[in-house]
1. Restricted to the range 83-108, and to residues that are among the small types (Gly, Ala, Ser) and not in a loop (DSSP other than H, G, I, E, B), which residue is nearest to Phe133 (Cα to Cα)?
2. For the range 239-279, name all the residues that are free of Cβ contacts under 8 Å to residues at least 40 places away in the same chain, away from ligand 4 (no atom under 16 Å from the Cβ), open to solvent by 10 Å² or more (accessible area, probe 1.4 Å) and in a strand (DSSP E or B).
3. Quick one: Tyr351 ticks every box in (1) touching an Asp or Glu at 6+ places or on another chain (Cβ under 8 Å); (2) open to solvent by less than 70 Å² (accessible area, probe 1.4 Å) bar one, so which box is it?
4. Report, by residue number, each residue of the range 284-306 that is open to solvent by 50 Å² or more (accessible area, probe 1.4 Å), on the phi < 0 side of the Ramachandran plot and in contact with a Gly (Cβ under 8 Å, 6 or more places away or on another chain).
5. Give me the strands (runs of 3 or more DSSP E) completely within the range 117-223, filtered to those with at least 1 residues that are among the charged types (D, E, K, R) and within 24 Å of Lys70 (Cα to Cα), ordered by residue number.
6. Taking only the range 139-182 into account, find how many residues are without any contact (Cβ under 8 Å) to a residue 12 or more places away in the chain and either open to solvent by less than 40 Å² (accessible area, probe 1.4 Å) or within 16 Å of ligand 4 (Cβ to nearest atom) (or both).
7. Within the set of pairs 6+ apart or on separate chains, which have a first residue in the range 96-122 that is closer than 14 Å to Phe161 by Cα, a second that is hydroxyl-bearing (Ser, Thr, Tyr) and within 16 Å of ligand 2 (Cβ to nearest atom), and C-beta atoms under 8 Å apart?
Amino acid sequence: MSMETKAFTWLFHFLLLLMVGRASVVAGARGKPVIFDVRNFGARADGRSDDSKALLEAWKAACGSSGVVKIVIPAGTYLVGPTKFKGPCKNVLSLKVHLQGILKATTSLDQYRSAKWVEFGWVKRLILVGGTFDGQGAASWPFNKCPKQKNCKVLPTSILFVNNNNTVVRGITSVNSKFFHIGILRCRNFNGSNIKIIAPANSPNTDGIHLERNTGVTLSRLSIGTGDDCVSVGHGNTDVTITGVKCGPGHGISVGSLGKYNGEQDVTGLVVKNCVIRGTTNGVRIKTWENSPSATIATNLTFENIVMKNVDKPILIDQQYCPYHKCDSSAPSQVKISNIKFKNISGTTNYPEAVTLRCSQGLPCKDVSLQDVSLKYVGGKNSFSTEHKTTLTSTCINVKPTFMGIQNPPPCL
Ligand SMILES: *[C@@H]1O[C@H](CO)[C@@H](O)[C@H](O)[C@H]1NC(C)=O
Ligand SMILES: *[C@@H]1O[C@H](CO)[C@@H](O)[C@H](O)[C@H]1NC(C)=O
Ligand SMILES: *[C@@H]1O[C@H](CO)[C@@H](O)[C@H](O)[C@H]1NC(C)=O
Ligand SMILES: *[C@@H]1O[C@H](CO)[C@@H](O)[C@H](O)[C@H]1NC(C)=O
């Protein structure tokens, strides 16, 4: 490109920007989106130059404009370091981010001072559609000590939504996060659908979607294969619906872990429905720590229409949760579990003990019911015969569940 052409291209983009900027007031208010293309803000999309600044500039322009606004990130690979897309966007009615390309995380861990990569925070009516977030986690997994130590340095979550209202996330893909793939924190009305999550079975703490302190979350049509929980519903969540999840490999769909930290809040109102869980260590589980520093409750949780395929522990309440070699167990868990329904759960299990309800000695579980649980033993990977007709068993400690309909394993009473 000659100097003249370069200058002309630059001038052209500059004028275009000016025009678009002006158009925003009119078009945005009319409901037709004003478009901010990250290429006009200097994004290179060559997969090597750091495009963080360009993306941030596009966000600032969009967030500072008004009406219905759209940021377009065209096809291509964008190398991006820790980036915070922050509101409030005062005059913006809705802000759509259309990711057509791939965001690729930088790998140098000293860049990530707080434990997140791409963050969307303090915005209302954010719509994030399409595209791939590649956390390039393989380089940092060896530095993760969290599977072995309680006080460990937490690595960055790939995509974090924090303090947003009325968020829609649709059709995104997350691969090889350094730590959690997606974190949803202190959001109200969050709707995620058609989300794909991919990481190896042995990648540490790569939870698919982790929720904390939210009200009103709907997640549907998720395909999650990862190294930890497919979805983990942490403390402080109210009114959460999770449907149509294909989970595996991974550790299943979990509530918890709860009772690890001081100041945790209750979990109230969860439906997990119409899911297929395949080749995971757990199916559906509630996990709480002993020696919990704060007393909380987990109530009104329903797990319904779940198909298990070669799952180690399909149905599990574990109030002596300890992911390490040994945990402090001088006091029973202070998380009070009640009104739990397991309904229409079928499929196959790798171990004979298919149902384990190990509740707190200090606070027995209340109102736990199992309805139409029909599981079949197929043996694990180390099993010598799949025809081995082992009878399934269930264990119930500090809980007297009610049983309805079919029960295999047979009731534990
Ligand atoms: C979200 O809604 C809550 C409650 O109405 C409000 O306090 C908060 O400021 C809102 N946040 C945003 C980013 O709009
Ligand atoms: C969430 O989004 C999906 C897909 O766009 C839609 O079908 C569904 O109705 C939405 N759910 C809620 C509760 O808004
Ligand atoms: C139980 O949770 C569901 C799902 O969040 C909610 O619709 C329902 O109202 C809750 N029931 C009670 C009694 O709180
Ligand atoms: C039980 O769950 C399976 C698998 O999700 C579903 O196909 C079936 O319709 C459910 N049965 C009832 C009675 O809801």
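The values are calculated or read from the model by the stated rules, or taken from the named source; none is laboratory data. Bear in mind that the values here come from a model prediction, so they are computed numbers and not experimental data. Cβ sites come from the backbone with ideal geometry, for glycine too, and all protein chains shown count toward neighbours. Note: areas computed on protein heavy atoms with side chains; ligands, DNA, RNA excluded. Shrake-Rupley method; radii C 1.70, N 1.55, O 1.52, S 1.80 Å.
1. Of all residues in the range 83-108, those among the small types (Gly, Ala, Ser) come to 87, 94, 101, 105, 108.
The next check asks that each one be not in a loop (DSSP other than H, G, I, E, B); those that pass are 94, 105.
Working: Ser94: 22, Ala105: 8 Å.
Among those that are among the small types (Gly, Ala, Ser) and not in a loop (DSSP other than H, G, I, E, B), it is Ala105.
2. Asp239, Thr268, Gly269
3. (2)
4. Hit for the range 284-306 is Pro293, nothing else.
5. Numbers: elements: 126-129, 132-134, 157-162, 165-170, 173-175, 182-185, 188-198, 209-212.
Counting at least 1 such residues, we get 132-134, 165-170, 188-198.
6. Final tally of qualifying residues: 1.
7. If the second residue must be hydroxyl-bearing (Ser, Thr, Tyr) and within 16 Å of ligand 2 (Cβ to nearest atom), the pairs left are Phe120/Thr167.
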